[in-house]
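In what follows, a single structure is set out as structure tokens and then discussed.
Values in this text are rule-based calculations from the coordinates and carry no lab data. For clarity, every value in this text was computed on a predicted model and none was experimentally measured. Ideal geometry is used to build each Cβ from the backbone, glycine not excepted, and the neighbour counts take in all protein chains shown.
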Amino acid sequence: MVLKLVIYFHVMEKLEMNKIRKIVEMAINTAPIFTLSILSILFPSRLIHRFVNNRLIYKKCKIDSEDYAFKSHIIDAKNGFDEDKAVDVLLKHGALVLNDYFDREKIISFQKAHEKYIVEPNHGEASANGRVLPFTKEFCDFWKDEKLIRIMEKAFNAKIFARNFPRFTAVHPRINVDGTIQSNKTARNLHVDHTSLIQFAIYFTEVTEETSRMQILSGSHRHFIYPFTLTSKNEQALIRKFDMLDCVGGIGSVQIHFGDTLHRFKPVGDSRRLWLQVSTSDGNNILFNPWEASKTLSEVVDKAYFIEATKDDFFSGLYPKQPNKGYKIKNGHIQPMKKEYI
Ligand SMILES: [Fe+2]
């Protein structure tokens, strides 16, 4: 009898949830930004985080909207560029591409030297993450590029920290026998990331409007978008409200986007994109993992360089420093000991 009741309530709960979901989906189709904002107010953890971190409303950009040079989210960085303009473009669109930012030859030779860290997707999968890269000076010149960090910190209005152990990602959507495009293991649907994140990625292949690429909805970071799993109709409703921009550029280009910007991967059949994504955050959602940390500190790593490079706080989440009095265990997690004399 009890079991029957439990099953009954479980089924009812599911039916109710499905009904509510359908109503929300319909509301998003009619008024997407309003509905997602209401959901953000009802479940306010993202809003609270933004408020506490002085990002509830993103900083105003000084861009003159009539200035043609700011209509694009792409800046040609080959022969230098204005950093403040880059910050403004990022603040305006929620994403920025610095075309030809890194020297093409440097990128190609880095790839050649790190082929063993690249993994190609298995048959039946469209994307594959490579192996974590070793903590070398050569790699840190990309990982902790001072100019990129400065641009991101200014736009994000926060000090940023390394969030994950970077690796190459190869996406290669193949065309199925029935003509459809394989896209499993890719973020094909419009979504927002954690609000605490700002990420950049370096292109190791040419990315064009005819190849697999990322697309963003320009200016969507300024709204309060609840991370609801959107149907394709919901996506269409949102796409009508914003300009959809393609993140494209040559080998060595860098793209940056806020976690609050709506974005998706656009798969194109038989077009491969190789990139190296570097995730940074305002100090939250850091993916520390001792197994991966140890892999990055392989025999190829110069210990003296590692000590020097991790002196400031940028890497503190991934390579935590030992506190003076050590750590204590609380609920299965480590916590620095405060000034307790025991
Ligand atoms: Fe994403």
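Specify whether the C-alpha gyration tensor of region 218-306 places it in the rounded, prolate or oblate class, a ≥ b ≥ c being the square roots of the eigenvalues: rounded for a/c under 1.5, otherwise prolate if a/b is larger than b/c and oblate if not.
In terms of gyration-tensor shape, prolate.
N54 sits among other residues whose Cβ lies under 14 Å from its own Cβ, and their net charge, with Lys and Arg +1 and Asp and Glu -1, is +3. In straight-distance terms, cross-link reach from K78 covers every one of the aspartates and glutamates whose alpha-carbon lies under 14 Å from its own, apart from those fewer than eight places away in the same chain; here that gives D100, D103, E105. Radius of gyration over Kirkwood radius for region 24-148, both on Cα atoms: the Rg/Rh ratio is 1.07.
Take every pair of alpha-carbon atoms less than 8 Å apart whose residues are at least six positions apart; their mean separation over the length of the chain yields a relative contact order of 23 percent. A cut-off under 14 angstrom between Cβ atoms defines the neighbours of D260, and their net charge, with Lys, Arg +1 and Asp, Glu -1, is +4. What the pair-distance distribution of the chain shows, using all Cα-Cα distances binned every 20 Å from zero, is 26, 55, 18, 1 percent. Could you pull out every one of the lysines with an alpha carbon less than 19 Å from that of K233, ignoring same-chain neighbours closer than 8 positions? Counting by Cα, and skipping residues close in sequence, K233 has these lysines nearby: K19, K22, K241, K266. Listed here are the pairs K59/K338; K60/K339; K71/K147; K85/K137; which of them are more than 31 Å apart at the Cα? Checking Cα-Cα distances, K59/K338; K60/K339 exceed 31 Å. Compared with the direct C-alpha span, the chain from K325 to M337 gains 3.7 nm at full extension, assuming 0.36 nm per residue. Where the centroid of each part is defined by its Cα atoms, how far is region 176-251 from region 73-132 in Å? Cα centres, region 176-251 to region 73-132: 16 Å.
Under 19 Å of direct C-alpha separation, and excluding same-chain neighbours fewer than eight residues apart, K303 reaches these aspartates and glutamates: E138, D141, E292, D312, D313.
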